[in-house]
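Notes for the one structure printed next.
No value in this document is a laboratory result; all are computed from the given coordinates. Note that the structure is a prediction, hence the values are computed from the model and not measured. Because the Cβ atoms are built from the backbone with ideal geometry, glycine has one as well, and the counts that use them run over all protein chains shown.
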Amino acid sequence: MSFLHQQTLPALMMVFRFFAEKSYMRRFLFSLFCFAMIVHCDAQVNMKLGFTGGPTFSFAGSDSVLSDGFFTSTKTGFNVGSVLTLQAGEHFFSRLGVNYSNQGFALRQTSDAIYGTDVRFRLNQLEIPLSIGFTGYLGNLRHREYIGVGVRFPLSSYNNVILKTDTSVAHTITITQQPIKGLATFLLAGFEIGSEFKNDAAIFFGASFKYGMQNLMNGGLVSSHFAPQAVSYNGTYVGLELTYYLPRFSYWFKRDFTY
């Protein structure tokens with residue numbers, strides 16, 4: 001068994017242990033260090049660059065306070081970005097990405113025959129996910145499963161209110177939203193399955209689940225016709241991904257890279 005195989009599990013456990021502490025920047029820097037150590041353990045690593053994109057489906061926080069027939073529902077967003085994979089040996093790989101992510105959900109009320117409220121929240125973020133995983137073959141297809149950590153940089157947020165009401169009746173509504181500040185961390189798990197072609201170019205389809213570790217948004221609304229509603233969001237979402245991997249760098253330069 002190679003040194004890489006012996007060190008993968010302990011390094012991964014150390015990464016998640018650090019996520020239980022307070023300093024997220026230290027946790028992230030330590031994760032990057034583990035990433036570098038893992039991919040340098042074998043004598044040779046194949047490197048490939050890919051481009052990925054797909055829809056996102058987010059989930060409002062469980063600590064949301066809703067009443068009077070209100071409920072939250074998912075609004076489809078999207079994420080696009082690039083990913084760098086380093087295949088170490090036959091079965092292990094590391095993956096580092098840079099993604100733009102758009103997530104959204106709605107706060108709705110439909111129980112009243114006269115008043116209908118639909119408040120739609122959106123968040124835009126830059127994400128840097130870092131993961132390690134296992135890869136193998138399923139017939140002629142290749143599959144990959146991975147887990148990891150990441151940080152996200154909030155870029156902007158906005159909301160839109162849609163009212164369906166009798167205009168002859170006074171209906172006031174006020175939207176509240178807490179500004180997004182600072183960095184946030186998340187845990188992730190995912191898989192992808194696809195096919196490799198000549199020169200190691202490949203197309204993969206997959207899905208990832210990202211669980212936010214900090215609350216990104218506290219929002220809600222107040223009206224003259226219903227009690228105050230409060231909703232929170234910590235950045236948890238499921239993303240579907242279609243990824244195209246370019247031929248590995250060793251093909252471009254006519255040689256393998258060694259580390």
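For this structure, a couple of remarks:
- FRET efficiency, 1/(1 + (r/R0)^6) with R0 22 Å, evaluated for Thr110 and Thr174 via beta carbons: 0.65
- Ranking of Thr74, Thr85 by count of other Cβ atoms within 10 Å, fewest first: Thr74, Thr85
- Counting neighbouring beta carbons within 10 Å and listing from fewest to most, the residues Leu107, Leu221 come out as Leu221, Leu107.
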